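Inspection log for the structure reproduced underneath, given as structure tokens.
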Amino acid sequence: MRHDDYLRPIPKTELHCHFVSTMTGARLIQLADRYGVALPTTDPDALFAYDDLADFLVAFRAATDVLRTSDDLAKVAYDGVRADVIGSGLRYREYYVNPQYFAPKGIGYRSLLDPIIDGLSAARDDLGVDFRIVVAINRQEPSAAALELVQTVLANPLDPVVGIGQDDLTPELTEDPGRFADAYALARRHGLHTTAHAGERPVDSPESVRVAMDELHVDRIDHGYRIVDDPQLTAQARDSGIHFATTPWSTTICSGWTIDPQHRIRRMIDAGLSVSFSSDDATFFRTSVGREFREALPLLGLGIEDARRIALAGIDGAFCDDDTKASLRARFTAEIMALDATIAAG
């Protein structure tokens, strides 16, 4: 049996997916032309080439400029699901949406979220992929703006919006998750789930992960790779059961790491941490949740049993309600059993 025969169809969650990145490169270029948004190049190979995370974030922010209308947002939402159902076995996804990127263009919170939810709801009805949304704080903005964003979320309750996160980098190009402690405290008091990008790059440290865990009291960590450089913190994370939404392929671009059995993600798994795989920014990193399983997982030296465990761990780390988790577990178990039987018979 080839790994690909199993890893391609195995059912998958994706807990770390930035909404803008579900737009295809072709649509990005098309919309840029429509709205007169200048791109450095219309060659996708050159457009999606970066030196590091900071370089990528410049391109990511620019890409938000091409999403101007409700129709644009809803179509990108729907088409992104369709592509990954066909090619990646996607069954559930959580999206990071950054309202602070869109506000300068005059797109308000509801004007942004409503069409995205409409597109994702239509995809759920047509394609069977459930979803939730995490509203992401832009760390380029001051802490007061983050608090205001959480207040906006609370004043405009939407059923699919279940959590708060933080991404981008501070103006100093650091993570500094503790800078937004007041916003996180407010979110927790009102029952929102919380997560944070932390410990992502070689220049970051386990301290960012510790702050996210011990001071922000997050429910989940995005990335978190530097945690394995602190054995005591790693043991604490293992014992607490906190989940890590990792994105193997992005580490080759943002950190320059090689995907191999010495990779920090493999070390996290070997240490007993709860780990799932996601694409992070699929179009921009030329990946998908399917590629993370088909290519990154074998390169990490992991096998079929690991794939099953990682797929199911994504349900444990999800921010959906218990009934949805139970339904996903039943669905995943049935699909995995059917896949096992097909492989055995073949």
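Segment Ala145..Ala338, full-extension length gain: 64.6 nm, with 0.36 nm per residue of separation and the alpha-carbon distance subtracted.
With neighbours defined as other Cβ atoms within 10 Å of a residue's Cβ, the residues Met23, Met213 order from fewest to most as Met213, Met23.
Both numbers refer to the Cα atoms of the chain; Rg and Dmax are 18.9, 59 Å. The mean sequence distance of close C-alpha pairs (under 8 Å, at least 6 residues apart), as a share of the length of the stretch 236-346, puts its relative contact order at 27 percent. Net length available on complete extension from Lys75 to Asp182 is 35.0 nm, with 0.36 nm assigned per residue and the Cα-Cα distance removed. Here the residues Cys17, Cys320, Cys254, ranked from fewest to most Cβ neighbours within 10 Å of their Cβ, fall in the order Cys320, Cys254, Cys17. Summarising the amide proton neighbourhood of His16: residues at separation of 5 or more, or on other chains, whose placed amide H is nearer than 5 Å comprise Glu94, Ser279, Asp280. Ellipsoid semi-axes for the stretch 33-133, based on the Cα gyration tensor and the rule √(5λ), read 24, 18, 13 Å when sorted largest first. Summing Cβ point charges (Lys, Arg +1; Asp, Glu -1) relative to the Cα centre of the chain gives a dipole of roughly 540 debye.
Normalising the average separation of contacting C-alpha pairs (under 8 angstrom, six or more residues apart) by the number of residues puts the relative contact order of the stretch 3-345 at 21 percent. Rg/Rh for the stretch 157-266 (Cα atoms only, Rh after Kirkwood) is 0.97. On the basis of the beta-carbon distance and an R0 of 35 Å, Asp239 and Asp55 show a calculated FRET efficiency of 0.40. Projected label points at Asp316 and Ala26, each 7 Å from Cα along the beta carbon direction, are separated by 4.0 nanometres. Note on the chain: GNM, Cα springs under 10 Å; of Asp72, Asp33, Asp321, the largest mean-square fluctuation is that of Asp321.
Ranked for footprinting exposure by Cβ neighbours inside 10 Å, fewest first, Arg264, Arg286, Arg34 give Arg34, Arg286, Arg264. Lys325: which lysines have alpha carbons under 20 Å from its alpha carbon, excluding same-chain residues fewer than 8 sequence positions away? Result set, ordered by chain and number: Lys12.
Electrostatic tally near Ala32: other residues with Cβ closer than 15 Å to its Cβ, Lys and Arg +1, Asp and Glu -1, net +1.
Considering only Asp45, Asp280, Asp130, the Gaussian network model of the chain with Cα springs below 10 Å gives its largest mean-square fluctuation to Asp45. Segment Glu207..Ala330, full-extension length gain: 40.5 nm, with 0.36 nm per residue of separation and the alpha-carbon distance subtracted.
Every read-out reported here was derived from the displayed coordinates using simple, explicitly stated rules and does not represent laboratory data. Bear in mind the structure is a predicted one, so any value in this text is a computation, not a measurement. A quick note on method: Cβ atoms are made from the backbone with ideal geometry, for glycine too, and the neighbour counts reach across all protein chains shown.
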